[in-house]
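These notes concern the structure reproduced below.
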Amino acid sequence: MNLKRRGLRISLYRSIWVPRGPGVPHGYTRQNFIGSIAADTTEVSEELERELSPTEIRELDHKVIQPARIAKEAALRQAKLRETDPVWRLEEALRLVNEAAECSLSSAVPEARKSTLKSALEKVMSVGATAPVAAPSEPLREALKAINAASHAVRQGRYGRGPKSGFRSTPVFRQWTEILAAVDGSEQSLLRALQDAGFATRRAR
């Protein structure tokens, strides 16, 4: 059986000796087409299998089916490794950062963006490094950061301009009153908690 690859398919031919005439010792070989299969197939269809002899099936399995299965398994293993591989992600990030550096010559970026990238890179574990120990949370510091971030967002126009009248009915004002109550308002406010813990004095009534 002969196998001829054309693009993504393999054609199967069976060689048949054809004498030139009755009693003539000379002749020629004719290739009879059997069928075709995809070059990356991992199984033989029942229809094609009926056209092949057991020897031809073994030959096809050895030359096409088994190599295709090995290649497919290798591709799956490579894909799984890529899913958890940080190196190619860092290489892609480096390429984009270099492009950003060129673009920043005409359009500078906020310093906070660079700081965020640096912080993210610090989380990447390197060979020989020990796993970082998570620092204990600082709720008060985090609250201060959130307030500063909110102030910056308002100044940068995150919420636009309030209406000339009726601003008390806006969601922004309602959120602000909730913040005030959480900081210095109800019995459950931050100020009352600090007072109870001895870190703030109570107001004289």
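A simple spin-label model places the labels of GLN175 and ARG5 6.0 nm from each other, with each point 7 Å out along Cα-to-Cβ. Excluding ligands and nucleic acids, what accessible area in Å² is computed for TYR28 using a 1.4 Å probe, to the nearest 10? The accessible area of TYR28 comes to roughly 100 Å². Heavy-atom accessible area for THR42, with the other protein chains in place and a 1.4 Å probe, reaches approximately 40 Å². If R0 equals 30 Å, the separation of the Cβ atoms of ILE57 and ARG77 corresponds to a calculated FRET efficiency of about 0.60.
With a simple spin-label model that places each label point 7 Å from the Cα along the Cα-to-Cβ direction, the separation between TRP88 and THR201 comes to 6.5 nm. Counting only DSSP beta bridges with both residues in the chain, the antiparallel share comes to about 100 percent. Put a dot 7 Å past the Cα of GLN156, heading toward its Cβ, do the same for GLU102, and the two dots end up 2.7 nm apart. Against the set [x] 17.2; [y] 26.7; [z] 20.4, the structure's computed Kirkwood radius over Cα pairs in Å falls on [y]. The Cβ shell under 14 Å around SER15 holds other residues with a net charge of +1, Lys and Arg each +1, Asp and Glu each -1.
Maximal additional length on extending the ALA38-ARG95 stretch stands at 16.7 nm, based on 0.36 nm per residue less the C-alpha distance.
A 1.4 Å probe, protein heavy atoms only, puts the accessible area of LYS4 near 90 Å².
The values are calculated or read from the model by the stated rules, or taken from the named source; none is laboratory data. Since the model is a prediction, treat every value here as computed from it, not as a measurement. Cβ coordinates were reconstructed from backbone atoms using ideal geometry, including for glycine residues, and neighbour counts include every protein chain displayed. Side chains included, ligands, DNA and RNA excluded: accessible areas come from the protein's heavy atoms. Shrake-Rupley method; radii C 1.70, N 1.55, O 1.52, S 1.80 Å.
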